[in-house]
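Novice: Mind having a look at this structure? Questions to follow.
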Amino acid sequence: MNKYNFETEIIKILKLNIQNDKEKTLNEFLEFLKEKGTPIIESINDDPDNSLVIIFYFAEEPTDNVLIISSILPVLTNENIEEHLLHRISDTNLWYGTYKVRNDLKFAYHLFPNDSLLIECTERSQNRRVDKFNKNKLTLNRPGMSKVNISYVNMPNSCGNLWLKERNNIPKGTITKHEFESSYFSKPRVVNVYKPFGYSNDSSPYVFITLTDGHDYINVLRSEHVLNNLIADKKIPPILAIFIDTIDNRREDLYCNDLFCSSVANEMIPWLRNKYNLSDDPQKAIIGGVSLGGLTAIYMGLKHSNVLETYFANQVRFGISL
């Protein structure tokens, strides 16, 4: 991803029309965004692999800045904060950012008007805004927590949500719920285990993947459908998946918490090996997660490489937690 410093045609036209009739132009453009949706994606001449993505924000209150955090941008630091700020058009309430993005990507983004611009801002998530014109939204509705909507984009050549859709004509695995009690914590943890179709205790031990935010992976990201589809299409071998719920103490658990990591590596995985035919080869044990879960995946993979040597981290983010 590269941020473009020059203006696209749509921005040039907007600025020109605003000079001639600001109120009419803004009203018409607002209706245009409501109908068409955002962001606006423009092709680039002589560059079939990338497109320009224009993200807009209509401020409904006096606004001094709009911060954007996204997987297409580098991790927010003091040195690159300018890259994370939308531009204001003249003295209007319309803000925009233009980005060069690969056509085969999917990405999410969050908007934060009137941000403090402090890198380590623990209250940033309370000021998160969804792109109300973007028709693609992912909803996280964790029990006991506030509902969070996330705007996302499927670029023109991305595969859409192919793997998320349930198919009726393929073999399907099953999910079993357990409660795991750890000496590290006073309260049991909910752990759901996915077994692939045809699972056998007598076969060779299975490769397995362990994922934090288990509730989100099962109920929002539809991991059961994803695994069924990938296994049926022979994209991956039959594997087991372990979904760990981290709802009540998520931020505490997933900020590189040694107690949590030790509980998973030293107690939970051995406990599950007594119940399931899991490989004891760390090269066949995967740890993964989203956002803070991605950070924990890296940390746990490094700290407990004798148990979970291979790790997968998705959307690692600092300064903002989903």
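Novice: Six or more apart or on different chains, Cβ under 7 Å: which pairs go from a residue in the stretch 36-55 that's free of Cβ contacts under 8 Å to residues at least 12 places away in the same chain and surrounded by fewer than 18 Cβ atoms within 10 Å (Cβ to Cβ) to one that's of a type in the set (S, T, N, Q) and part of a strand (DSSP E or B)? Could you list them?
Specialist: From the stretch 36-55, the pairs are S43/S51.
Novice: How do the pairs read when you match residues in the stretch 190-201 that are touching a residue at least 24 places away in the same chain (Cβ under 8 Å) and farther than 12 Å from G173 by Cβ with residues anywhere that are buried (at least 20 other Cβ atoms within 10 Å of the Cβ) and acidic (D, E), using Cβ under 6 Å and keeping only pairs 6 or more apart or on different chains?
Specialist: What qualifies is V190/D245.
Novice: Starting from the stretch 76-98, take each residue that is assigned to a strand (DSSP E or B) and list its partners that are of a type in the set (G, A, S), counting only C-beta distances under 9 angstrom and pairs at least six apart or across chains.
Specialist: L85/G97; H87/G97; R88/A59; L94/A59; W95/A59
Novice: I'd like the residue in the stretch 23-44 that is hydrophobic (A, V, I, L, M, F, W, C) and part of a helix (DSSP H, G or I) and, out of all such residues, is farthest from L94 (Cα to Cα).
Specialist: Checking each candidate, the answer is F32.
Novice: Can you tell me which residues in the stretch 281-299 are closer than 27 Å to L138 by Cα and either outside the structural domain of F208 (by TED's automatic domain parsing) or of a type in the set (A, V, I, L, M, F, W, C) (or both)? Working first, answer last.
Specialist: Taking the stretch 281-299 and keeping what is closer than 27 Å to L138 by Cα, we get 286-299.
Passing the criteria: I286, I287, V290, L292, L295, A297, I298.
Novice: Going by the conditions given, is N127 surrounded by 14 or more Cβ atoms within 10 Å (Cβ to Cβ) and over 25 Å from E31 (Cα atoms)?
Specialist: Here the answer is yes, as N127 does meet what is asked.
Novice: Can you tell me how many residues within the stretch 7-35 are closer than 15 Å to Y96 by Cβ, in contact (Cβ under 8 Å) with a residue 24 or more places away in the chain and either exposed (fewer than 13 other Cβ atoms within 10 Å of the Cβ) or small (G, A, S) (or both)?
Specialist: 1
Novice: Still on this model: Name the residues in the stretch 251-277 that are touching a helix residue (DSSP H, G or I) at 6+ places or on another chain (Cβ under 6 Å) and of a type outside the set (F, W, Y), would you?
Specialist: D253, L254, C256, C261
Novice: Now a separate question. Looking at the stretch 184-202, which of its residues are at pLDDT below 95, surrounded by 10 or more Cβ atoms within 10 Å (Cβ to Cβ) and assigned to a loop (DSSP other than H, G, I, E, B)?
Specialist: Y184, F185, P188
Novice: Looking for something among the acidic types (D, E), more than 17 Å from R128 (Cα to Cα) and surrounded by 12 or more Cβ atoms within 10 Å (Cβ to Cβ) - is there at least one such residue anywhere in the stretch 75-97?
Specialist: For the stretch 75-97, residues among the acidic types (D, E), more than 17 Å from R128 (Cα to Cα) and surrounded by 12 or more Cβ atoms within 10 Å (Cβ to Cβ): present.
Novice: Still on this structure, I have one more. For the stretch 272-296, how many residues are surrounded by 15 or more Cβ atoms within 10 Å (Cβ to Cβ), over 22 Å from the mean Cα position of the chain (by Cα) and not in a strand (DSSP E or B)?
Specialist: Final tally of qualifying residues: 6.
Novice: Let me ask something else. Being of a type in the set (D, E, K, R), over 30 Å from N157 (Cα atoms) and out of contact with any helix residue (DSSP H, G or I) (no Cβ under 8 Å at 6 or more places or on another chain) narrows it down to one of D104, D115, D49, D64, so name that one.
Specialist: Every option except D64 fails the conditions.
Novice: Taking K187, is it of a type in the set (D, E, K, R), on the phi < 0 side of the Ramachandran plot and not assigned by TED's automatic domain parsing to the domain that holds L272? Write out each step before concluding.
Specialist: Values: of a type in the set (D, E, K, R): yes; on the phi < 0 side of the Ramachandran plot: yes; not assigned by TED's automatic domain parsing to the domain that holds L272: no.
Judged against the criteria, K187 is not a match.
Novice: Here's another thing I want to ask about it. How many residues, within the stretch 229-271, are within 30 Å of K147 (Cα to Cα) and within 24 Å of the chain's Cα centre (by Cα)?
Specialist: Here the count works out to 24.
Novice: Which of the residues that make up the stretch 130-181 are surrounded by 11 or more Cβ atoms within 10 Å (Cβ to Cβ), in a loop (DSSP other than H, G, I, E, B) and of a type in the set (K, R)?
Specialist: Correct list: K132, R142, K165, R167, K172.
The values are calculated or read from the model by the stated rules, or taken from the named source; none is laboratory data. Not measured: the values here are computed from a predicted model. FYI the Cβ positions are ideal-geometry reconstructions off the backbone, even for glycines, and counts take in every protein chain you see.
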